[in-house]
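The values are calculated or read from the model by the stated rules, or taken from the named source; none is laboratory data. Since this is a predicted model, take the numbers as computed values, not measurements. Cβ coordinates were reconstructed from backbone atoms using ideal geometry, including for glycine residues, and neighbour counts include every protein chain displayed.
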Amino acid sequence: MKRLLLVLTVSALPLAAMAQTTTSMSETSSGMSTASSAALSAQDRKFIKMAGISGLAEVQAGQLAEQNGDASVKSVGEHMVTDHTKANGQLAALSQQLGDPAPTTLPASQTAMITKLQGMTGASFDSSYLKAQAKAHKKAIALFESEISNGANSQLKQFASATLPILKDHLSMIQSAMNS
């Protein structure tokens, strides 16, 4: 019995040490998140905020396009919802890790645009939606290019670099739908 107790006691020592190490590591990790947040440049913070708002607006407007648009506009809306939902998730995870969470709600100006689109149908909806999308994607492309050129955080720059070609594809798709 003494031998079993000794074995159990000796076996438990590494587990206790591991638990202490894990606790120390998680404390360090959470400390790093706070330190990372403080280390983000003004450009990086602006990028997180503006890219987050843009992405949320694209999903909501895309959902309206899926419901109210003609065939080509519905297709554009489907791409917006799928691609921006994915990008929003990536940005949310990254910005949370960096200690500066992306927005989860739209500001009044974006809400007003969505409300305006909700009251439209037919050709007026299609035209308004596509014009708004072209304008929004041009602004988003400029924002992402600025982050790539001027951002300080390598992870955000990598996200912007990976997402930029998708935004450019969206703009081409929108312009094609406008010309059809």
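Out of all the residues in region 53-76, which are surrounded by 21 or more Cβ atoms within 10 Å (Cβ to Cβ), without any contact (Cβ under 8 Å) to a residue 60 or more places away in the chain and either outside the structural domain of SER109 (by TED's automatic domain parsing) or under 16 Å from SER109 (Cβ atoms) (or both)? Selection gives GLY55, LEU56. All of ALA152, ALA162, ALA134 fail the test of being modelled with pLDDT of 95 or more and exposed (fewer than 13 other Cβ atoms within 10 Å of the Cβ), apart from ALA162. The listed residues are GLN63, GLN43, and the only one of them that is closer than 16 Å to GLU147 by Cα, over 13 Å from the mean Cα position of the chain (by Cα) and assigned to a helix (DSSP H, G or I) turns out to be GLN43.
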